[in-house]
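Take a look at the structure below.
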Amino acid sequence: MPTTSNTPNSMLPAWQSLLGRRQKAKDTPLRALFEQDPERFQKYSLKVQNILLDYSKNPIDDDTLADLIKLAHEVGLEDWRDRMFRGDKINPTENRAVLHTALRNRSNTPVIVDGVNVMESVNNELKRMRQFVNAVRKGHWRGHSGKKITDVVNIGVGGSDLGPRMVTQALKPQADDRISVHFISNVDGVEIAETLRSLNPERVLFVVASKTFTTSETMTNAETARNWLMASAFDHEAVAKHFVAVSSNQKAVKAFGIDGKNIFNMWDWVGGRFSLWSAIGLPIALKIGFKGFEEMLTGAHEMDLHFRDQPFEKNAPVLLALTTLWNSTFLGCQTQAILPYDWPLQRFAAYLQQAEMESNGKSVDREGNQVPYATGSIIWGQLGIDGQHAFYQYLHQGNTIVPADFIGSVASSTPVLGHHDKLMSNFFAQTEALMNGITAEEVRADLEAQGLPEEQIKKLIPHKVHPGNRPTNTILLDELDPHSLGALIALYEHKLFVLGIIWDICSFDQWGVELGKTLAKGILPELQNSKVSEHHDGSTRNLIHYYIDQRKA
Ligand code: F6P
């Protein structure tokens with residue numbers, strides 16, 4: 001059962017026991033753990049579908065893992081998990097169910113919310129998506145002047161941008177060249193101006209993606225796009241052929257001028273950052289075809305079933321979450337790096353940044369009490385190879401420990417002679433180096449072998465020592481394709497869910513983004529009317545004055 005008392009999760013027996021295990025974990029080098037247990041890899045790795053997860057390079061032993069799993073039971077994780085899958089309203093501050101899993105429920109088992117089986121409307125939207133995607137890709141859907149669509153421009157931000165943008169990039173090797181997909185998220189006019197510069201309005205289809213259809217950045221860009229279309233001597237009727245929307249706010253979409261039959265629905269039980277499985281994924285399907293989109297849904301669904309049915313000891317999302325919990329909340333690591341060694345995954349870290357940080361960047365529990373422990377990690381990262389030549393120095397020798405997830409594939413999605421083994425040699429070398437480091441003795445032996453004078457050796461040793469003991473997870477796909485990518489994303493979605501339950505926070509709201517939005521709304525007329533409110537603090541007031549004065553100058 002979930003904990004309902006006011007007792008913080010940190011008072012649970014397993015949590016208390018884990019506190020007592022911290023010192024040993026800090027004092028035991030990771031390489032010693034491997035020396036003590038030759039079966040460590042076999043014990044601390046598992047394969048789910050086409051994904052191998054190796055979590056053996058973390059400072060855990062059998063006792064710690066047993067306590068972590070016990071903690072997952074003590075917080076009632078099974079119950080919370082079942083409640084999510086069956087559509088209970090587990091997002092309390094918005095009184096909503098959390099059902100991104102229903103969007104990819106390929107088994108089509110009924111999921112009831114407020115007495116209604118949501119699978120009927122999910123399947124209906126999928127059918128509409130398929131028809132639309134096929135029509136555009138086959139050239140049956142034409143622009144106002146009768147020309148085929150060659151370019152799709154997605155206008156959206158946050159969850160209405162990051163998911164489709166990341167996946168479209170990741171699956172480019174599987175896509176054909178029928179449709180080029182572009183993304184506009186920023187209200188900085190440079191982005192839309194640069195994007196539209198090379199496009200032919202007769203061949204462009206805009207997808208305005210906004211669950212609320214009130215997000216200021218998206219609305220501003222959508223209006224600019226419509227004006228651009230109109231400026232090409234098109235009349236208002238052209239909007240029907242060049243604009244579709246994805247939203248749960250039908251009224252606002254129609255008020256914008258988009259035809260009712262061009263609106264794809266969203267539901268309040270899909271959070272923006274979990275929405276790429278809905279029609280928010282249209283750019284993905286338009287790029288790779290609907291069959292590929294469905295394969296992605298299937299991969300995610302299989303991960304859902306794994307998460308739902310497997311015991312925690314063999315459950316990849318649970319184990320991935322527990323390594324993060326241990327490294328962050330118990331051992332004090334504040335950040336986590338996401339390092340793909342798969343070029344198409346270049347936006348994966350940015351995607352996970354929103355997924356995890358918007359979900360778990362909270363500091364009160366579900367009852368509103370301040371939590372007495374560290375919650376959500378700072379997620380950052382980029383392609384591993386490029387990172388090696390940028391920030392890995394810090395990972396190896398900085399005085400802050402950054403746990404990292406290394407993600408790669410056995411087979412390249414675009415094999416080019418001589419490249420993949422070189423890429424993967426780095427992939428394996430880095431986690432080995434981060435774990436083992438190099439001791440002073442090893443540095444000395446190396447420098448002596450090079451014949452350096454003793455004085456120089458002494459000077460160099462402290463600079464060349466790598467302390468090691470940097471925890472990593474290795475996630476190795478057989479190959480990056482729609483199926484494995486779907487599973488990979490679902491793996492991380494469930495990981496953040498597990499963490500949210502153990503931290504006892506509300507992972508599915510995002511009140512923290514509202515304050516800035518509200519203030520910006522108030523400041524905009526000040527900038528437009530060159531009239532600064534006296535209510536701002538001294539810094540903000542003077543900055544706005546400076547901006548207005550300089551702008552005039
Ligand atoms: O950044 C806040 C947020 O509400 C995200 O959660 C969401 O993904 C994004 O804005 C976009 O919202 P919408 O799809 O309603 O435009």
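The values are calculated or read from the model by the stated rules, or taken from the named source; none is laboratory data. For clarity, every value in this text was computed on a predicted model and none was experimentally measured. Backbone-built Cβ (ideal geometry, glycine too); neighbour counts: all protein chains shown. Just so you know, the surface numbers come from the protein's heavy atoms only, side chains and all, with ligands and any DNA or RNA stripped out. Shrake-Rupley method; radii C 1.70, N 1.55, O 1.52, S 1.80 Å.
From the Cα gyration tensor of segment 4-106, with a ≥ b ≥ c the square roots of its eigenvalues, which class applies: rounded if a/c is under 1.5, or else prolate if a/b is larger than b/c, or else oblate?
Cα axes put segment 4-106 in the oblate bin.
Gain in length, Glu442 to Glu237, computed as 0.36 nm per residue apart minus the alpha-carbon separation, to one decimal in nm? Spell out each step's value before the answer.
Details: separation 205, 0.36 × 205 = 73.80 nm, distance 7.38 nm.
Fully extending the segment from Glu442 to Glu237 adds 66.4 nm.
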Quote the relative contact order of segment 1-132 in percent (integer), defining contacts as alpha-carbon pairs under 8 Å separated by 6+ residues.
21 percent
Virtual spin-label span in nm between Glu455 and Ala433, 7 Å along Cα→Cβ
3.1 nm
If a/c stays under 1.5 just call it rounded; otherwise compare a/b with b/c (prolate if a/b is bigger, oblate if not). Do that for segment 229-302, with a ≥ b ≥ c from the square roots of the Cα gyration tensor eigenvalues.
oblate
Structure-based [θ]222 nm, the chain - -39500 (n - 2.57) summed over DSSP H runs of at least 4, per residue, nearest 500:
-14500 deg cm²/dmol
Taking protein heavy atoms only, a 1.4 Å probe, and rounding to whole percent, the accessible area of segment 233-278 owed to carbon and sulfur comes out at 51 percent
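Which order do the peptides 52-64, 435-447 take when ranked by the mean count of other beta-carbon atoms within 10 Å per residue, highest first? Working shown, then result.
On the way: 52-64: 20.3, 435-447: 15.8.
Sorting 52-64, 435-447 by mean packing, highest first, produces 52-64, 435-447.
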Loop-located trypsin sites (Lys or Arg not before Pro) in segment 459-553, at most 13 other Cβ atoms within 10 Å (DSSP):
Lys531
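Give the shape of the chain as rounded, prolate or oblate, defined through the alpha-carbon gyration tensor: a ≥ b ≥ c are the square roots of its eigenvalues, a/c under 1.5 means rounded, and otherwise the shape is prolate if a/b is larger than b/c and oblate if not.
On the way: a/c = 1.57, a/b = 1.48, b/c = 1.06.
Taking the square roots of the gyration eigenvalues as a ≥ b ≥ c, the chain is prolate.
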Qualifying lysines (Cα of each under 24 Å from Cα of Lys552; at least 8 residues distant if same chain):
Lys521, Lys531
What is the local net charge at Met119, summed over the other residues whose Cβ is closer than 13 Å to its Cβ (Lys, Arg +1; Asp, Glu -1)?
+2
Run the quick spin-label model on Asn227 and Thr335: label points 7 Å from Cα toward the beta carbon, then report their separation in nm to one decimal.
3.9 nm
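Within segment 251-321, how many Lys pairs sit with Cα atoms under 29 Å apart, leaving out pairs fewer than 8 places apart on the same chain?
Details: Lys251/Lys261; Lys251/Lys287; Lys254/Lys287; Lys261/Lys287; Lys261/Lys291.
Going through segment 251-321 pair by pair, I get 5.
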Sulfur and carbon atoms: percent of accessible area, segment 80-203 [1.4 Å]
45 percent
Net charge near Pro467 (other residues with Cβ under 15 Å of its Cβ; Lys, Arg +1; Asp, Glu -1) is +1
Using +1 at the C-beta of Lys and Arg and -1 at the C-beta of Asp and Glu, which of Leu53, Ala97, Met119 has the Cα lying farthest in the positive direction of the dipole of segment 1-125?
Leu53
Net charge over other residues, Cβ less than 12 angstrom from the Cβ of Met230 (K, R count +1; D, E count -1)
-2
Sketch the reach of a paramagnetic label on Ser145 as a point 7 Å from Cα along Cα-to-Cβ, and name the residues of segment 189-205 whose backbone nitrogen lies under 16 Å away.
197-205
If you take the beta carbon distance between Ala411 and Leu543 as r and set R0 to 60 Å, what does 1/(1 + (r/R0)^6) give as a FRET efficiency, to the nearest 0.05?
0.70
Want the number for Thr518 to Asp177: 0.36 nm per residue separation, take away the alpha-carbon distance, what's left?
118.6 nm
So, with +1 on the Cβ of K and R and -1 on the Cβ of D and E, and no other charges, what is the size of the charge dipole of segment 228-345 about its Cα centre, to the nearest 20 debye?
260 debye
With the label point 7 Å along the Cα-to-beta-carbon line of Lys26 and a cut-off under 12 Å to each amide N, the hits in segment 371-402 are none
Which order do peptides 400-406, 108-114 fall in by mean Cβ count within 10 Å, highest first?
400-406, 108-114
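Report the relative contact order of the chain, percent, no decimals, based on alpha-carbon pairs under 8 angstrom and at least 6 residues apart.
It rounds to 18 percent for the chain.
What GluC sites (Glu not before Pro) in segment 472-553 are in a loop by DSSP, with at most 10 other Cβ atoms within 10 Å of the Cβ? Spell out each step's value before the answer.
Values: sites: Glu479, Glu493, Glu514, Glu526, Glu534; in loops: Glu534.
Answer by residue number: Glu534.
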Cβ-derived FRET efficiency at R0 22 Å, Asp88 paired with Thr7, nearest 0.05
0.50
Specify which residue in the list Gly486, Val513, His463 is farthest towards the positive end of the charge dipole of segment 424-553, using unit charges on the beta carbon of Lys, Arg (+1) and Asp, Glu (-1), about the Cα centre.
Val513
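Among His242, His483, what's the order by accessible area (1.4 angstrom probe), most exposed first?
Numbers: His242 0, His483 45 Å².
Greatest to least solvent exposure: His483, His242.
For the chain, with only Lys/Arg (+1) and Asp/Glu (-1) charged at the beta-carbon, what is the dipole magnitude about the Cα centre, in debye rounded to 20? Provide the component values of the computation, followed by the final result.
Values: 57 positive and 64 negative charges, 336 e Å.
Approximately 1620 debye in magnitude.
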So, with points 7 Å from each Cα along the Cβ direction, the Arg130-Gln16 label distance in nm works out to 5.6 nm
Relative contact order of segment 108-229: what whole-number percent is it, with Cα pairs under 8 angstrom and at least 6 residues apart?
27 percent
